[in-house]
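**Q** Following this message is one structure expressed as structure tokens.
FYI, it's all coordinate maths here, none of it is from the lab. On a predicted model such as this, the values are computed, not experimentally measured, just so you know. Cβ: placed from backbone, ideal geometry, glycine included. Neighbour counts: every protein chain shown.
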Amino acid sequence: MSADALWCVVPAAGRGARFGAEKPKQYVELAGQPMLLWTLQRLAECPSIAGLMVVLASGDPYWPGFGSFGGKPVLTVVGGAERSSSVLMGLRALPPMIPDDAFVLVHDAARPCVRGADISRLVELGTIAGGALLASPLRDTLKLGDADACVVTTEPREARWRALTPQLFRRGELTVALLDASRDGVAVTDESMAMERLGHRPLLVEGAESNIKVTTTADLALAEFLLLRES
């Protein structure tokens, strides 16, 4: 672990309703173990990460109770109804030794295929830029549709990116940004969106397209293929 390694908040309090499983999707079996364990394993293996703050649903019966994982400390806290509130609770529950101006990472529990090299590059470039996120340039043709699912127009794809995680920001600045969005009733879908609202311009750091977010059963099959290919 590097001397300047950072803590990572992992929001894992969601129900994953779109996935349609009997249990939250982060606990659905993926290549022999719950998806969340794959995610934590990838994060713990990264030298850029010092510890993990896992944000859980109240009364989560599936959490195995880890106090450490892969030699890295693991802390937990109960999250909220929305991702943004869970991230906020995770930030607040970080060890007090982590000051407001320290950088922290936030990573989706449902992204088990993230690459350690991408995280390290994000940390290297993002700390210089003052904040950053992994992202992937849009390569497909982009269509704008109407209420009847008919094409209205073809949108330019130049300069368009798909936001990935981890995302990297200073603990204090991100806390303020999430609180501000909550007060204004704005449902932010990622940390960068909250920061953008306050005038920040996070750096886009290109990450591997294999860093998929598991949302459907088809995504789960693809994630299993990717994990087994790399093992």
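**Q** In the chain, what is the volume of the convex hull around the alpha carbon atoms, normalised per residue and reported in Å³? The partial results should precede the final answer.
**A** Working: hull volume 33.4 nm³, N = 231.
Taking the convex hull of the Cα positions in the chain, it is 145 Å³ per residue.
**Q** I would also like to ask the following. Note down the nm distance, to one decimal, between modelled labels 7 Å out along Cα→Cβ at Val78 and at Thr217.
**A** Here the modelled spin labels are 3.3 nm apart.
**Q** So, one more: Can you give the FRET efficiency for Arg115 and Arg157, using 1/(1 + (r/R0)^6), R0 = 25 Å, r = Cβ-Cβ distance, to the nearest 0.05? Display every interim value, and only then the final one.
**A** Working: r = 24 Å, r/R0 = 0.96.
With R0 = 25 Å, the Cβ-Cβ based efficiency is 0.55.
**Q** At a threshold of 8 angstrom on Cα-Cα distance, excluding pairs fewer than six apart, so keeping six or more, what relative contact order does the chain reach in percent? Don't skip to the answer; put the middle values down first.
**A** Working: 446 pairs, mean separation 52.0, N = 231.
Relative contact order, the chain: 23 percent.
**Q** Work out, step by step, the length gained on full extension between Asp4 and Val186: first 0.36 nm times the residue separation, then minus their alpha carbon distance; give nm to one decimal.
**A** 62.2 nm
**Q** Please compute the Kirkwood hydrodynamic radius over segment 20-154, one decimal place, Å, based on all pairs of different Cα atoms.
**A** 17.2 Å is the Kirkwood radius here.
**Q** If you take every DSSP beta bridge whose two residues both sit in the chain, what share of them, in percent to the nearest 5, is antiparallel?
**A** Here the antiparallel bridges make up roughly 50 percent for the chain.
**Q** Right, here's the next one. Run the numbers for Ala93 and Leu228: contour at 0.36 nm per residue of separation, minus the present Cα-Cα distance, in nm.
**A** Values: separation 135, 0.36 × 135 = 48.60 nm, distance 3.42 nm.
That pair, Ala93 and Leu228, stretches by 45.2 nm at full extension.
**Q** Going through segment 4-64, which GluC sites (Glu not before Pro) have at most 15 other Cβ atoms within 10 Å and a DSSP loop state?
**A** Details: sites: Glu22, Glu29, Glu45; in loops: Glu22, Glu45.
Sparse-neighbourhood loop GluC sites (Glu not before Pro): Glu22, Glu45.
**Q** Roughly how many nanometres apart are two label points built 7 Å out from the Cα toward the Cβ at Ser58 and Glu29?
**A** 3.2 nm
**Q** Among the lysines, which have Cα under 26 Å from the Cα of Lys72 when same-chain residues fewer than 8 positions away are ignored?
**A** Lys25, Lys213
**Q** Taking 0.36 nm per residue of separation and subtracting the Cα-Cα distance, what length does fully extending Glu209 through Thr141 add?
**A** Values: separation 68, 0.36 × 68 = 24.48 nm, distance 1.63 nm.
Taking 0.36 nm per residue and subtracting the Cα distance, the gain is 22.8 nm.
**Q** Using 7 Å Cα-to-Cβ label points, what is the Asp100/Glu124 separation (nm, one decimal)?
**A** Going by the 7 Å Cα→Cβ label model, 3.2 nm.
**Q** With n ≥ 4 as the cut-off for DSSP H runs, can you work out [θ] at 222 nm for the chain, using -39500 (n - 2.57) per run divided by the number of residues, rounded to the nearest 500?
**A** That comes out to -9000 deg cm²/dmol.
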